[in-house]
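Each reported figure results from applying straightforward, stated rules to the coordinates on display, with no laboratory input. Small disclaimer: the values here were computed from a predicted structure and weren't measured. Cβ placement follows ideal geometry from the backbone for every residue including glycine, while neighbour counts extend to all protein chains displayed.
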Amino acid sequence: MYSTRVTQQLQTTTNNWLAKTNQDTLIYTAEECQELRKLLQFHEYRYYVLNEPLIADYEYYQLY
């Protein structure tokens with residue numbers, strides 16, 4: 001479902017979002033919310049369908 005290139009891009013974006021979780025920003029743009037939804041769907045697919053998660057449960061919960 002996800003190519004290697006797309007997987008790498010999404011993982012890079014995930015790392016950027018995880019770095020943001022330590023900030024106090026609670027207001028996000030519509031585009032940022034859409035990007036975050038896309039990341040969560042990607043990681044859910046990796047976890048539940050492929051059984052090959054790329055991030056720890058704790059990191060997923062930080063994004064969620």
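Annotations for the structure displayed:
- Electrostatic dipole magnitude of the chain [Cβ: Lys, Arg +1; Asp, Glu -1; Cα centre; debye, to 20]: 180 debye
- Cleavage-rule hits, chymotrypsin sites (Phe, Trp or Tyr not before Pro), region 1-49, DSSP coil, Cβ neighbours within 10 Å at most 14: TYR2, TYR28
- Label selected from (1) 5.1; (2) 4.3; (3) 5.3, the criterion being mean projected area of the Cα convex hull in nm² as computed here: (2)
- Helix axis angle, 4-20 relative to the chain longest principal axis, alpha carbon, degrees: 30 degrees
- For the chain, the 222 nm mean residue ellipticity estimated from helices alone, with every DSSP H stretch of n ≥ 4 adding -39500 (n - 2.57) and the total spread over all residues, rounds to -19500 deg cm²/dmol.
- Between the helical axis of 30-44 and the longest alpha-carbon principal axis of the chain there is an angle of about 30 degrees.
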